[in-house]
Amino acid sequence: MGAGITEVFAKAGFEVHAVDNNEAALDRGRSIIAKSTGRAVSRGRMTEEEQAALVGRITYFTDPAEAVAGCGLVVEAVFEDLDLKQEIFKKIDVAAPEDAILATNTSSLAITAIAAAVSKPERVVGVHFFNPAPVQTLVEVVRTVYTDDAIVEQLVKLLKELGKSPVVVNDRAGFIVNALLIPYIGSAINLYENGFATREEIDATMVEAAGYPMGPLALADMIGNDVCLAVLEKLYDETKNRVNAPAPILTRLVIANMQGRKTGKGFYTYVDGKPSEDRGPIRRPMQSRKAELPDRLVGEYLNNCVKMVEENYASVDAVNTGMAEGCRMPKPFEVLKEITPKRVLEIVEGIYAETGEPGHRPARLLRQLAAADDQAAAIDELQASTAELHASNPRG
Ligand code: CAA
C-alpha cells in the first residue's frame, strides 16, 4: 500500500518522501512503482517522460524522523499492529512540522487509539486507500472524536485534487467498505471451508453471476489474508456479531504465513504472479451447492448495506460510492433496486432460518423497503433523505 500511495501523490506532482525499514524494503517499493507506472506507459496512459518525472519526485529514506522533516502531510502505512503504529506516531509527532497533518492508512485499527498516542490528537486522521491504490478512486477519510474539522476539509480538498473520491466517516471498525466487503469475503471463506463449493466455483460464480471484478477468495489473497483476519477480528470485537468470526481456515493460513499474493501462497498458489492449479487448502465438497452462492452471498451483503444506513453510519450515496469506487463492485442500492427488497428479504429470511444467527436477521429497514407499494421509489426516497441528513449533520 505504501508504494501505491507514494505513486498517487508523486503522479499528482507532489514531492514525496518514501520511508521504510531498510534498503531491501525500499527496493521492493521502488520495483512496485516501476511495474505499476511501466504498465501505465505500456497502456498509453502515461508517457515515458511523465513516468521519469513521477519517479524523480520520490526520495527514499530509512529514518522516519529525517523523512518527515519539512512535510505537510504524513501518511503512515505499516502493518496492522497498534503498538508499532503508536510508536511511529510518537516519533513523527516530534519530527514533523507542527502544522503537518498526521494520517494513518489502517484497515482495522481504531484511529482514535493511534491519535491518543500523540501530543496533538486533533491533527490525526485516517486516510484509507484501496488496493490497488493507483486504480481505486475511493479514499475513506476517518475523523475521530478529537479531529479538527478544518483538517478534514483540507484533506478532502487535497484528495479531490489527486482525482480521488473522498468519503468522510466516523471512526468505527471497518469504516464503510471493509465493514461490508470483509464480512462478505469471510462468509465466502466459511462456505468454502464448509464444503459448499470449490474455490474456483466460488470465485467464478461471484464474477459471472454477481458481476464482481474478482472472486472473494482471489480478493482475499490480493488484500492479504492477515489483513482480512485483522479486520474480521476487529469487527467481531466491536460488534460481538458471530457472523464476523473468522473461519478456522483463515486463521490457519495466517499462522502458516500463507497471506496470499504477497507471500506466494494463500487460497491459491502463485507462480509468476498467476494462480496455479494446485489442490487448494480444503478438500473438494461432497456435493457442490454453487447454485446457491450468489443469492446467499449477495443477499447477506445487501442486508448489511441496508443495516449500515439504518444504523445512521453512512448515507445510501456513501455506501454506493464506497463499494463502486473502492472495489469496482456494482452500486449496492442499485442492485437492491434491481433484485427488489422483497426478494432480498426472502433470501435473508432463508439464511436466518437455516443458520439461526442473530447477525443474519433481516434489517428492519429492509422490511420497510420490501413493504412499500413502490419499492424503487422507496429506495430513491431513502437515498435523498440520507444524503440530506448526512450533509446537514456531518458529525452524525
Ligand atoms: N497497480 C497499478 N495499476 C493496476 C494494478 C496495480 N497493482 N492492477 C491493475 N491495474 C490497472 C491496470 O493497469 C488497468 O488500467 P487500465 O484499464 O487503465 O489499462 C486496470 O487497473 C485494470 O487492470 P487489468 O485490466 O489488468 O485487470 P482487471 O480489469 O482484472 O482489474 C483489478 C484488476 C483492478 C485488481 C480489479 O479486478 C479490481 O478492481 N478488483 C477489486 C479490487 C478490490 O476490491 N480492491 C479493494 C480491496 S479492500 C482494500 O484494499 C482495503 C483494505 O483495507 C483491505
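The values are calculated or read from the model by the stated rules, or taken from the named source; none is laboratory data. Given the structure is predicted, the values throughout are model-derived calculations rather than measurements. So basically every Cβ, Gly included, is an ideal-geometry build from the backbone, and we count neighbours across all protein chains shown.
Things to note:
- Once the stretch 1-32 is narrowed to residues that are outside any helix (DSSP H, G or I) and of a type in the set (D, E, K, R), the residue that is nearest to Thr104 (Cα to Cα) is Asp20.
- One residue from Ala245, Ala291 being within 16 Å of Val231 (Cβ to Cβ) and surrounded by fewer than 20 Cβ atoms within 10 Å (Cβ to Cβ): Ala245
- Conditions (1) under 30 Å from Pro248 (Cα atoms); (2) modelled with pLDDT of 95 or more; (3) assigned to a helix (DSSP H, G or I); number of the one not met by Gln368: (1)
- Among the residues making up the stretch 323-359, those that are in contact with a helix residue (DSSP H, G or I) (Cβ under 8 Å, 6 or more places away or on another chain), within 16 Å of the ligand (Cβ to nearest atom) and assigned to a helix (DSSP H, G or I) are Met323, Gly326, Cys327, Pro332, Val335.
- Test: Pro294 is part of a helix (DSSP H, G or I), in contact (Cβ under 8 Å) with a residue 60 or more places away in the chain and within 29 Å of Ala197 (Cβ to Cβ): yes
- Considered as a group, the residues in the stretch 31-73 that are β-branched (Val, Ile, Thr) and free of Cβ contacts under 8 Å to residues at least 40 places away in the same chain include one that is surrounded by the fewest Cβ atoms within 10 Å (Cβ to Cβ), and that residue is Thr47.
- Matching entry among Val156, Val135 (being within 16 Å of the ligand (Cβ to nearest atom), farther than 16 Å from Phe175 by Cα, not assigned by TED's automatic domain parsing to the domain that holds Ile33 and not hydroxyl-bearing (Ser, Thr, Tyr)): Val135
- Checklist (1) modelled with pLDDT of 95 or more; (2) within 16 Å of the ligand (Cβ to nearest atom); (3) surrounded by fewer than 15 Cβ atoms within 10 Å (Cβ to Cβ) applied to Glu23, failing item: (2)
- Selection status of Glu381, buried (at least 21 other Cβ atoms within 10 Å of the Cβ), modelled with pLDDT of 95 or more and acidic (Asp, Glu): no
- Some residue of the stretch 159-179 being surrounded by 19 or more Cβ atoms within 10 Å (Cβ to Cβ) and on the phi > 0 side of the Ramachandran plot: yes
So that you can scan it fast, the table gives a plain yes or no per residue for (1) in the same structural domain as Ile185 (by TED's automatic domain parsing); (2) acidic (Asp, Glu); (3) surrounded by 20 or more Cβ atoms within 10 Å (Cβ to Cβ):
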{"residue": "Gly260", "(1), (2), (3)": "yes, no, yes"}
{"residue": "Glu277", "(1), (2), (3)": "yes, yes, no"}
{"residue": "Ala324", "(1), (2), (3)": "no, no, no"}
{"residue": "Lys331", "(1), (2), (3)": "no, no, no"}
{"residue": "Tyr352", "(1), (2), (3)": "no, no, no"}
{"residue": "His360", "(1), (2), (3)": "no, no, yes"}
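Listed here are the residues, each with its yes/no results for (1) over 14 Å from Leu73 (Cα atoms); (2) buried (at least 21 other Cβ atoms within 10 Å of the Cβ); (3) within 12 Å of the ligand (Cβ to nearest atom).
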site: Ala96; (1), (2), (3): no, yes, no
site: Thr106; (1), (2), (3): yes, yes, yes
site: Ala116; (1), (2), (3): yes, no, no
site: Phe130; (1), (2), (3): yes, yes, yes
site: Val139; (1), (2), (3): yes, yes, yes
site: Val142; (1), (2), (3): yes, yes, yes
site: Tyr146; (1), (2), (3): yes, no, no
site: Val152; (1), (2), (3): no, no, no
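- Arg28 vs. criteria more than 16 Å from the ligand (Cβ to nearest atom) and without any contact (Cβ under 8 Å) to a residue 60 or more places away in the chain: no
- Members of the stretch 79-94 found to be surrounded by fewer than 18 Cβ atoms within 10 Å (Cβ to Cβ), within 22 Å of the chain's Cα centre (by Cα) and either within 14 Å of the ligand (Cβ to nearest atom) or among the basic types (Lys, Arg) (or both), listed by number: Phe79
- Some residue of the stretch 192-209 being within 25 Å of His128 (Cβ to Cβ), away from the ligand (no atom under 12 Å from the Cβ) and not assigned by TED's automatic domain parsing to the domain that holds Pro330: no
- Close pairs from the stretch 377-396: first closer than 28 Å to Val145 by Cβ, partner part of a helix (DSSP H, G or I) and at pLDDT below 95, Cβ under 7 Å, at least 6 apart: Gly396/His390
- Counting only residues that are within 14 Å of the ligand (Cβ to nearest atom), part of a helix (DSSP H, G or I) and hydrophobic (A, V, I, L, M, F, W, C), the stretch 33-53 holds 4 of them.
- Positions within the stretch 230-255 being assigned to a helix (DSSP H, G or I), in contact (Cβ under 8 Å) with a residue 24 or more places away in the chain and closer than 20 Å to His360 by Cα, in sequence order: Val231, Leu232, Glu233, Lys234, Leu235, Asp237, Glu238, Thr239, Arg242, Val243, Asn244, Pro248
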